[in-house]
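See structure below.
The values are calculated or read from the model by the stated rules, or taken from the named source; none is laboratory data. Please read all numbers here as calculations on a predicted model, not as lab measurements. Cβ atoms come from the backbone with ideal geometry, glycine included; neighbour counts cover every protein chain shown. Just the protein is used for accessible areas: all its heavy atoms, side chains included, with ligands, DNA and RNA removed. Shrake-Rupley method; radii C 1.70, N 1.55, O 1.52, S 1.80 Å.
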Amino acid sequence: MGKLIVSFYYRKIFKKHMDYFVKKEIITKDQANDQANDMSDYFEVKVISFIKVITSIGAILVGLGMFLYIASNWIYIREIERLVIIISSMLTFYIIGNRIRERYRIASKALIYLSILIYGSGLFLVDQTFNFGGERYSYFLLWTIGIIPMVYIFDDLLIHLFSQFIGIVYVIESIEWANSWKFGHFVLNLMAILIILFLFMKMNEQKFKSKISVVLIDLYIVFILIYGIEWFGLKDLYGVALLFVYGLMLTYKPIMSDISNRISSAIGIVITGITGIMLTYESIWRDLEYINDGTIISIFVGILIGIYFLWLIKKGHNLSLVFVLFLIFRYYTDRFYDFLPKSIFFIIGGVVLLIFGIYLERVSKRRGES
């Protein structure tokens, strides 16, 4: 069985934990030393080679220097030469990075990252040079499609996360155009979005199991829903309610539960909190034709959401406290800001925060004792 690869700081934290147990007289100092010595046999501190760092910085500086030289002379370069420069530099960095992957892993990654950046920026530069007239979302789509195979080839988490970021930008750019598209265009673009989502989920499930990736996937789905809301032209009330339901679903049934329940649940609470507070505003309920004044229903919804957040706090989801405070201050500011003297307004607000802080501390202590 191989050793556990840990950082230097992990070793320091481990020693602090052992010292804490000795201080609390859970174990003796001799036992702590014996345990530390026994377990250290299974640790291997991950060391970053100075040579590797220097090599990587050198590769990045070479690439940056080339970028600056080309950028300063870009207007003097003929169109076909620009295309050749973009393609040749992208392929050069990729080929060299791939060739030295076994011997110089960090430098190899730096060159691969440069090739990915050149590919993406090259898409926009080619459009600018030859005036293809393409929309921004289509270039972000091509960029995402181009990065995904690199994730499979190099098995690199940073490339995976970057591909997800570019994918999210692609969906956001699509939202801007959604309401002007015909059904066929909307469906084709939606299919591309969903296929990319499937690939993101599979890659993270099979290769990385990254919590950051789970966050990006959950956000990606949020923007997919907004994309659909925009195309169908749903009223604000229905769109916010749909996102509220998605937040509830994430809270109790995470999309990728085998990787990170707590992360997805936290994101679900955040989405539910933001959309829930939006549902407490009177104006949003006036979207319904049979409601002239949404005050009563918004207050009723506010009470229900407040009770729900308090129940979540009781269940151990302390993040919900943030939205309870937002809810209180939303009504407090709306009702009293224009009527109370500003000093009294802020004093009362501070008192409310102190009360909730004391309440949260008591709840935390109670859990620690149980």
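Okay, here's what the table says:
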item: Net +/- balance of residues flanking LEU142 in space, Cβ distance below 13 Å, scoring K and R +1, D and E -1; result: -2
item: Using θ = phi - 60° and Karplus 6.51 cos²θ - 1.76 cosθ + 1.60, couplings along the stretch 264-270 (whole Hz; Gly, Pro as x); result: 5, 4, 5, 5, x, 5, 5
item: Burial order of peptide ranges 287-298, 80-91 (average beta-carbon count within 10 Å, highest first); result: 80-91, 287-298
item: Coil-residue chymotrypsin sites (Phe, Trp or Tyr not before Pro) of the stretch 151-213, DSSP, other Cβ within 10 Å capped at 10; result: none
item: Using θ = phi - 60° and Karplus 6.51 cos²θ - 1.76 cosθ + 1.60, couplings along the stretch 238-246 (whole Hz; Gly, Pro as x); result: 5, x, 5, 4, 5, 5, 4, 5, 4
item: Average accessible surface area per residue within the stretch 135-244, 1.4 Å rolling probe, Å²; result: 47 Å²
item: Under the Karplus curve 6.51 cos²θ - 1.76 cosθ + 1.60, θ = phi - 60°, whole-Hz ³J(HN,Hα) for the stretch 200-215, x wherever Gly or Pro sits; result: 4, 5, 5, 4, 5, 5, 8, 10, 10, 6, 8, 5, 4, 4, 4, 4
item: Highest-first arrangement of 217-228, 111-122, where packing means the average Cβ count within 10 Å; result: 111-122, 217-228
